[in-house]
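Let me begin by presenting the structure, written as structure tokens, before commenting on it.
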Amino acid sequence: EEITHTFESVDSDKDSKLSKAELIAWVKSEAEELADADAEHEVSAVLEVYDHHKDNFSSKAEFAENVRAMAADEIEAHLEDGAVAEHKVGDKRPHEN
């Protein structure tokens, strides 16, 4: 699964959990233009919501929950922007007589 592969690649010390530093490094690699302070703020906000163990780490399950939520938010944003609706316009079937 893609989430497992991503988790394992971000887990640089291979301790089966993601530290704040590992998450910041990942965020920075995904959005290189993001300032360090902004990446740290973003990771802190994510840990606030998804660190259910409150240990300042992200387990694989917590990471997966976060990634799935981000994907759902992206789909919702596309729907709100009409991007998905535009693609469906060409899929209309002709009316039957």
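The values are calculated or read from the model by the stated rules, or taken from the named source; none is laboratory data. For clarity, every value in this text was computed on a predicted model and none was experimentally measured. Note that each Cβ is placed from the backbone with ideal geometry, even for glycine, and that neighbours are counted across all protein chains shown. Each accessible area value is taken on the protein alone, full model and side chains, heavy atoms only, with ligands, DNA and RNA left out. Shrake-Rupley method; radii C 1.70, N 1.55, O 1.52, S 1.80 Å.
Quick check on the range 22-29. Is at least one of its residues modelled with pLDDT of 90 or more, assigned to a helix (DSSP H, G or I), open to solvent by less than 90 Å² (accessible area, probe 1.4 Å) and among the basic types (Lys, Arg)? For the range 22-29, residues modelled with pLDDT of 90 or more, assigned to a helix (DSSP H, G or I), open to solvent by less than 90 Å² (accessible area, probe 1.4 Å) and among the basic types (Lys, Arg): present. If only residues of the range 46-86 that are open to solvent by 50 Å² or more (accessible area, probe 1.4 Å), more than 16 Å from THR4 (Cβ to Cβ) and among the small types (Gly, Ala, Ser) are counted, the one that is modelled with the highest pLDDT is ALA72. Can we say LEU34 is in a loop (DSSP other than H, G, I, E, B) and modelled with pLDDT under 95? Yes.
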